[in-house]
2 protein chains.
Amino acid sequence: MDLDAHFESFAARDWQTADEGTVRVALVGLGEFSRDHVLPALAGEAEGTGSDAPTDRTSFCDITALVSGSPEKAESVADRYDVGRTLSYEEFEAGEGVDSFDAVYVAGPNALHLDHARTAARLGKHVLCEKPIETSAERAREMVRACEDAGVTLMVGYRPQVEPAMRRLRDLIRDGVLGDPVAFHGWFTGHILDGAGPDQWRLDPDLAGGGALMDVGVYPLNAVRFLLDADPVAAQATTSAPDAEFEGVDEHVAFQLEFPEGATASCTASYRAQADDRLRIVGTEGQAALNPAFDSEIRPELTLEVGDERVAYTGPYVNEVAEEFDYFAHCILTDARPDPDGRDSVADMEAVEAIYESAETGRRVEIGDAET
Amino acid sequence: MDLDAHFESFAARDWQTADEGTVRVALVGLGEFSRDHVLPALAGEAEGTGSDAPTDRTSFCDITALVSGSPEKAESVADRYDVGRTLSYEEFEAGEGVDSFDAVYVAGPNALHLDHARTAARLGKHVLCEKPIETSAERAREMVRACEDAGVTLMVGYRPQVEPAMRRLRDLIRDGVLGDPVAFHGWFTGHILDGAGPDQWRLDPDLAGGGALMDVGVYPLNAVRFLLDADPVAAQATTSAPDAEFEGVDEHVAFQLEFPEGATASCTASYRAQADDRLRIVGTEGQAALNPAFDSEIRPELTLEVGDERVAYTGPYVNEVAEEFDYFAHCILTDARPDPDGRDSVADMEAVEAIYESAETGRRVEIGDAET
């Protein structure tokens, strides 16, 4: 087998069918990720901002409005990135400046995503919602309904799905290069307290809907569903929070998923462990690994072993945020349904709820079909 | 932190306190592992045997007897390796040639280990029993009792415990270099049908006591217990056997263990998947990986990351089989208790039974203290 053939056209945008068009985006929420990653990728970065994020830019997006609870922050960011419009949340909800944008990017606390998406849908604006979609499967379904009823596109921000290495790995699995998938291992760990400290919404169960599973564990969960193109049928899990700062949310989680054809996924996530994120999948005929798997700033190495052949490939750097926004905009411009769409995230949330239920009850919890 | 300091004296035998002495060993069972790995390591290999196993030798062992159900095989192997005595199983049980050996190595089907170990104990001979110790925790306890009552040493053949890279990793964890252990991932997969085909005792549930978990899944299970110096308190698991050749045993297994201080182990094993065996452990301050983790013929690479520091180290090649037999003999010569002793394997078997029970019932199964 010529494994190298799978690495030709590695970073080609297999989804791109159009070359022109622009979608005007309003950022709803100016948290760290929006400021340090989204704005540089969408608006280009002025000098001296202190960010070392890559400056690769989107082709199909312009940021034309900023929505924030802090007028000072909004003005400062608007100046820095030359964004024409700033809005308070009240102004956004009242429809002010509605003609200045075509779509919104919803960031910020998970529990507020639904309200912002509903506002956007009511205003006829497309929605790119940060992961996880919301705090529960039911609220995720409500968001899907709101967007479908309004006829607007809903995409959820699983960056890794547009990362070329992840897409090539999915191609390899689809093509049967690994044989039948047998076992997936994936993890995402880090030190969440090192950034914003203990006083942040991610540690508030009402605003976050959960802990390490909701914030970082959803990455291997979503990735294995993406790679296998299948939804898990059952979950077994355990969570723990030995440290006081994490009271009320899972500091650590380990979960195991079963897929319809018999493959399993063994995943872990942590808010307080050495930073790392990788995945490995072994099949009957071969195996593949991605390192890092979910980090947005390092070029992932894709390692592939089939029988006695082994190749390791690091593709060109791709700014995943720019890629994600361009994919979203391209779906709008071509009237295509995005792949990590709202229903995809409903399935994630159903698995998340089964994982939490299993951790609480000690039972294997079956995962139902999405009801939407 | 000077991580390199942990790699000095990498392969030193931290267990060795004596320089002299010889233990005369009888091999009970002349299967593939005995012929291709044990005999070359203990007796040196004549030319033209077709084996490419390393020829590193034991320092403290001599093979002085061979026990086999096939006189022809026994004679042929005895000639090849210049072993003075061959015995049938009946002669072994009757105590013939009892003065020609001090200890026995018990290989062959798991369900026969107890009988052979009982015979050895009755004859006053020390026992090195291949892993897994037997087919159930109860039979493992019986073996422990038989050896303790007879005052003979019982060790179980978990080679990786004498592999320097595994021992150094345990030192690192003990010294707190990784902080508090958080999550372990380990797996051992391969194609068992490629060797002996479908007609082999490992696929007979009565002789093997189980499938992939019993034969290869016990490696990550035993390794995480060794590395954390702790026994798991609960198991969650799923097994499957989609292919007809594996009816009655687990072709694939995924299991998750909880440890008293909150660490988890996420493990998979398979009889029909691309060959691979690795482990990774992440802690609050660092992480480490071993690749391969359980294979006996490839020098493992130990990768260590603590904060922003990273080192990868491949130690000198050590013949694990020779190392294992020397450690066993050294324990006998110095009257020391071996580390993978019978009680250690009882704990493995209790975890194995909890894993199978969880896979069958879908419940989290608590693992009790060893009763011996």
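Explain nothing, just the number: dipole magnitude of chain B about its Cα centre with +1 on each Lys and Arg Cβ and -1 on each Asp and Glu Cβ, in debye rounded to the nearest 20.
On the way: 30 positive and 73 negative charges, 39 e Å.
Once rounded to the nearest 20, the dipole reads 180 debye.
Please report A:Ser59, A:Ser345, A:Ser9 as a ranked list, fewest other C-beta atoms within 10 angstrom at the top and most at the bottom.
A:Ser9, A:Ser59, A:Ser345
Set Lys and Arg Cβ to +1 and Asp and Glu Cβ to -1, take the dipole of the range B:1-155 about its Cα centre, and tell me which of B:Ala11, B:Ser34, B:Gly69 lies farthest positive.
B:Gly69
What FRET efficiency do you get for A:Ser88 and A:Thr314 if R0 is 45 Å and r is their Cβ-Cβ distance, rounded to the nearest 0.05?
Plugging the Cβ-Cβ distance into 1/(1 + (r/R0)^6) gives 0.55.
Starting from a label point 7 Å past Cα on the Cβ side, list the distances from B:Arg299 to the same position in the other copies, nm, shortest first.
Result for B:Arg299, in nm, nearest copy first: 2.9.
May I ask what percent, to the nearest 5, of DSSP beta bridges between residues of the protein assembly as shown are antiparallel? List each step's numbers first, then the result.
Details: 85 of 140 bridges.
If we restrict to bridges inside the protein assembly as shown, about 60 percent are antiparallel.
Using modelled amide H (1.01 Å from N, peptide plane; none on Pro or chain starts), what sits under 5 Å from the amide H of A:Arg278, excluding residues fewer than 5 places away?
A:Trp187, A:Ala293
Take every DSSP beta bridge with both residues inside chain A and express the antiparallel ones as a percent of the total, to the nearest 5.
60 percent
At a Förster radius of 41 Å, what calculated FRET efficiency corresponds to the Cβ-Cβ distance of B:Thr22 and B:Leu193, to the nearest 0.05?
0.55
For A:Tyr317, which inter-copy label distances result when the label point lies 7 Å beyond Cα on the Cα-to-Cβ vector, reported in nm to one decimal and in ascending order?
Distances to the matching label points in the other copies: 4.1 nm.
Give me the distance in nm between label points sitting 7 Å out from Cα along the Cα-to-Cβ direction at A:Glu261 and B:Ala244, one decimal.
Spacing of the two 7 Å Cα→Cβ label points: 2.1 nm.
If I take R0 = 22 Å and measure r between the Cβ atoms of B:Glu357 and A:Thr361 in this structure, what FRET efficiency does the formula 1/(1 + (r/R0)^6) give, to the nearest 0.05?
In this case the efficiency is close to 0.85.
Please average, across the residues of B:179-190, the number of beta carbons from any other chain that are within 10 Å of each residue's own beta carbon, and give a whole number.
That works out to 5 on average.
Helix B:164-174 against the longest principal axis of chain B: what's the angle in degrees, Cα atoms only, rounded to the nearest 10?
Rounded to the nearest ten degrees, it is 40.
Place a +1 charge on the Cβ of each Lys and Arg in the range B:3-158 and a -1 charge on the Cβ of each Asp and Glu, then give the dipole magnitude about the Cα centre in debye, rounded to the nearest 20.
Dipole about the Cα centre, nearest 20: 420 debye.
Sorting A:Asp149, A:Asp250 on the 10 Å Cβ count, fewest up front, what's the list?
A:Asp149, A:Asp250
Counting Lys and Arg as +1 and Asp and Glu as -1, each charge on the Cβ, what is the dipole of the range A:187-263 about the Cα centre in debye, to the nearest 20?
The dipole magnitude comes to about 240 debye.
On C-alpha positions alone, give me the angle between the axis of helix B:342-361 and the longest principal axis of chain B, in degrees, nearest 10.
The angle comes out at about 60 degrees.
Go ahead and set up a Gaussian network model of chain A, Cα springs under 10 Å, then flag whichever of A:Val306, A:Val127, A:Val28 fluctuates most.
With Cα springs under 10 Å in chain A, the top fluctuation among A:Val306, A:Val127, A:Val28 is at A:Val306.
Once the dipole of the protein assembly as shown is set up with Lys and Arg at +1 and Asp and Glu at -1 on Cβ about the Cα centre, which of A:Gly362, B:Ser266, A:Gln200 lies farthest towards its positive end?
A:Gly362
Going by C-beta contacts inside 10 Å, put B:Arg57, A:Arg337, A:Arg85 in order with the fewest on the left. Working shown, then result.
Numbers: B:Arg57 16, A:Arg337 11, A:Arg85 19.
Listing B:Arg57, A:Arg337, A:Arg85 from fewest to most nearby Cβ atoms yields A:Arg337, B:Arg57, A:Arg85.
7 Å along Cα→Cβ for the label point: how many nanometres lie between B:Gly197 and each equivalent label in the other copies, listed shortest first?
7.1
Quick check: the angle from helix B:218-228's long axis to the longest principal axis of chain B, C-alpha only, nearest 10 degrees?
Taking the Cα atoms of chain B, the angle to B:218-228 is about 60 degrees.
None of the figures in this text is laboratory data; all of them are computed from the coordinates on show. Note that the structure is a prediction, hence the values are computed from the model and not measured. Neighbour counts run over all protein chains shown; Cβ positions are idealised from the backbone, glycine included.
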